[in-house]
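A.B. asks: Handing you this structure, nothing more for now.
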Amino acid sequence: MIKKEKDNRPDQKTSPFIGLLLFCISILLLVITGPLGFIYGILHSLFTKGFSGIGEFLLKIAISIDQLGNVMMQHLLNQLWIKKEGYRFGNRDETISSVLGKNKQNATLTGFGKAIDKILDTLDPNHSLNSIDYYVEPEH
């Protein structure tokens with residue numbers, strides 16, 4: 001296992017070409033290998049841990065998708081859900097709910113952000129506050 005130590009430095013700048021190339025390769029690999037990996041993961045989880053294993057597997061995927069949404073929608077969510085001084089969306093290691101919870105704590109949610117938080121609280125009480133990831137380093 002490769003461990004990356006946090007040194008509080010922002011990610012290095014990447015050329016637009018490299019970013020575009022890696023984005024295209026990642027989409028291609030997801031489309032080609034994703035379905036096979038998903039089916040294998042479901043079966044592996046079922047036969048090694050039973051139905052609870054499937055739940056764990058799907059939760060990990062849901063968190064990964066949530067992190068993707070945090071990055072993909074960062075500009076829109078920063079505009080609509082939080083005040084200018086709020087904790088920003090866009091950290092690739094953090095979920096949307098975690099950022100929402102941090103802004104709820106800091107009273108930096110807009111009216112729209114508060115409405116989204118209330119909907120989540122209806123489905124899962126204190127969802128955003130319970131989702132806060134205190135181990136995520138803020139991006140610079």
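A.B. asks: If you line up the Cα atoms of the chain on their principal axes, what length do they span on each, largest first, in Å?
C.D. replies: Each principal axis gives a Cα extent; for the chain these are 45, 42, 28 Å.
A.B. asks: Using a ≥ b ≥ c from the Cα gyration tensor of the range 25-97 (square roots of the eigenvalues), is it rounded, prolate or oblate, where a/c under 1.5 gives rounded and otherwise the larger of a/b and b/c decides, a/b for prolate? Working shown, then result.
C.D. replies: Numbers: a/c = 4.67, a/b = 1.97, b/c = 2.36.
It comes out oblate by the Cα gyration axes.
A.B. asks: Also, quick follow-up: Residue by residue through the range 111-123, what is 3J(HN,Hα) from phi via Karplus (6.51 cos²θ - 1.76 cosθ + 1.60, θ = phi - 60°)? Round to whole Hz and write x for glycine and proline.
C.D. replies: Karplus-based 3J(HN,Hα) across the range 111-123 equals x, 5, x, 5, 5, 4, 4, 5, 4, 4, 5, 5, 6 Hz.
A.B. asks: Please give me, ordered by residue number, the trypsin sites (Lys or Arg not before Pro) of the range 48-123 that lie in loop per DSSP and have at most 10 other Cβ atoms within 10 Å. Before the final figure, lay out each step's value.
C.D. replies: Working: sites: Lys49, Lys60, Lys83, Lys84, Arg88, Arg92, Lys102, Lys104, Lys114, Lys118; in loops: Lys83, Lys84, Arg88, Arg92.
Answer by residue number: Lys84.
A.B. asks: Quick one: how many Å² of Ser15 are accessible to a 1.4 Å probe, rounded to 10?
C.D. replies: Only protein atoms counted, so the area is about 50 Å².
A.B. asks: Given a cut-off of 28 Å, name the pairs among Lys84/Lys118; Lys60/Lys83; Lys13/Lys118; Lys49/Lys118 whose C-alpha atoms lie farther apart than that in the structure shown. Working shown, then result.
C.D. replies: Numbers: Lys84/Lys118 21 Å; Lys60/Lys83 30 Å; Lys13/Lys118 37 Å; Lys49/Lys118 34 Å.
Long pairs (Cα-Cα over 28 Å): Lys60/Lys83; Lys13/Lys118; Lys49/Lys118.
A.B. asks: Right, another one. Given the rule -39500 (n - 2.57) for each run of at least 4 DSSP H residues, summed and divided by the residues of the chain, what is its mean residue ellipticity at 222 nm, to the nearest 500 deg cm²/dmol?
C.D. replies: Details: 6 runs with 90 residues, N = 140.
Only helices count here, giving -21000 deg cm²/dmol.
A.B. asks: Can you tell me which of Leu58, Leu77, Leu20 moves the most in a GNM of the chain? Springs connect C-alpha atoms under 10 Å apart.
C.D. replies: Leu20
The values are calculated or read from the model by the stated rules, or taken from the named source; none is laboratory data. What you see is a predicted model, and the numbers here were worked out from it, not measured in a lab. Methodologically, a virtual Cβ is constructed for each residue, glycine included, from the backbone with ideal geometry; neighbour enumeration extends over all protein chains shown. Please note that ligands, DNA and RNA were not included when accessible areas were found on the heavy atoms of the full protein model with its side chains. Shrake-Rupley method; radii C 1.70, N 1.55, O 1.52, S 1.80 Å.
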